[in-house]
Every structure is written in C-alpha cells, then in structure tokens.
Amino acid sequence: QVQLVESGGGLVQAGGSLRLSCAASGRTFSNYAMGWFRQAPGKEREFVAAISRGGSSTSYSASVKSRFTISRDNAKNTVYLQMNSLKPEDTAGYYCAAVDSYIASKSGSRYDYWGLGTQVTVSS
C-alpha cells in the first residue's frame with residue numbers, strides 16, 4: 001500500500017502561483033511513477049502532469065504546459081506541482097496518484113493509488 005497526502009492548495013488570484021506537494025508513505029516511493037490530475041465540479045477528471053520514477057521523464061497536458069512544472073524528491077518521498085500564471089479555469093480539486101511503473105500514464109485508470117486531493121481556487 002502507498003498512502004498519498006496532498007497539500008498546498010488554496011485561494012489565489014489569477015496570474016498567481018501555488019506549489020502543491022504530495023507526500024508518500026508505505027512502499028518504496030522511487031518504485032512508482034507519479035501523476036497529478038484535477039477535477040472541477042461537474043467535469044470529468046483530467047490529466048495534468050506526470051513524472052517517471054527517477055524524474056528524468058515528464059509529460060503535461062496541453063492546457064498547463066509551460067505554466068506548470070512537476071518534480072519529485074525521492075529522498076523526501078514527495079512529488080511537487082509548481083503552478084504559475086494560474087487562470088480561473090485551473091480551479092479544481094488536485095489529486096496525486098502513483099503507479100507501479102517506470103513511465104507514468106496520462107490515463108487515470110492505470111494508477112494504483114490516489115490521495116484525497118487539495119482544492120485550488122483561482123479568482124479572476
């Protein structure tokens with residue numbers, strides 16, 4: 001089992017920044033590729049970003065590419081999502097997820113473990 005706990009969400013004005021963290025415990029963190037997903041009210045969950053086990057490979061959705069950066073610190077068992085130039089349409093619950101694989105997937109159904117999420121609200 002892997003337990004994931006997100007933090008760092010909050011209320012921010014458009015154009016601002018937030019950094020989300022996801023702390024993992026349980027099994028060896030470095031064995032898992034990690035992803036961030038988000039879900040807004042009334043909308044389906046969508047992929048945001050993903051990072052491979054060692055951190056050398058990352059991927060992003062088109063809507064956040066160049067604004068968001070995913071990173072990980074395997075010594076701290078933590079994955080981060082730096083979010084810059086935030087827009088009101090980024091408002092959602094943000095969830096981190098872990099998959100027992102070298103490369104992370106953009107499909108949420110491939111992930112084995114999920115956190116409970118942290119809310120990000122961007123005001124206009």
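The values are calculated or read from the model by the stated rules, or taken from the named source; none is laboratory data. Given the structure is predicted, the values throughout are model-derived calculations rather than measurements. Counting neighbours? That spans all protein chains shown, and the Cβs are built from the backbone with ideal geometry, glycine included. Please note that ligands, DNA and RNA were not included when accessible areas were found on the heavy atoms of the full protein model with its side chains. Shrake-Rupley method; radii C 1.70, N 1.55, O 1.52, S 1.80 Å.
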Report summary line: Ordered by number, the chymotrypsin sites (Phe, Trp or Tyr not before Pro) in region 47-123 that occupy a DSSP loop and have at most 13 other Cβ atoms within 10 Å are Tyr102
Requested in this report: Rank these by accessible area, largest first, 1.4 Å probe: Glu6, Glu44.
Outcome: Glu44, Glu6
Query raised in the report: Residue-wise, which Karplus ³J(HN,Hα) couplings in Hz belong to region 90-103, taking 6.51 cos²θ - 1.76 cosθ + 1.60, θ = phi - 60°, and x for glycine or proline?
Result: 7, 4, 4, x, 10, 10, 9, 8, 10, 10, 7, 7, 6, 9
Query raised in the report: GNM on the chain, C-alpha springs below 10 Å: top fluctuator among Arg27, Arg53, Arg19?
Result: Arg27
Report summary line: Farthest towards the positive end of the dipole of the chain, among Ala75, Leu20, Gly8 and with Cβ unit charges of +1 on Lys and Arg and -1 on Asp and Glu, lies the Cα of Ala75
Report summary line: Net charge near Gly55 (other residues with Cβ under 15 Å of its Cβ; Lys, Arg +1; Asp, Glu -1) is +2
**Report entry** Residue with peak Gaussian network fluctuation, the chain [Cα springs, cutoff 10 Å], from Ser85, Ser21, Ser105
**Finding:** Ser85
Requested in this report: In debye, nearest 20, what is the charge dipole magnitude of region 51-124 about its Cα centre with +1 on Lys and Arg Cβ and -1 on Asp and Glu Cβ, if you could check?
Outcome: 180 debye
Report summary line: Percent of all Cα-Cα pairs per 10 Å bin for the chain, counting from 0 up to the last occupied bin, reads 15, 51, 29, 5, 0
**Report entry** Per-residue HN-Hα couplings for region 61-68 [Karplus 6.51, -1.76, 1.60; θ = phi - 60°; Hz; x = Gly/Pro]
**Finding:** 6, 4, 6, 10, 4, 6, 10, 10
Query raised in the report: For the chain, modelled as a Gaussian network with Cα springs under 10 Å, which listed residue fluctuates most, Ala97, Ala14, Ala75?
Result: Ala75
Query raised in the report: What residues have an amide H closer than 5 Å to that of Arg72, excluding those fewer than 5 places away on the same chain, when H is modeled at 1.01 Å from N in the peptide plane?
Result: Tyr80
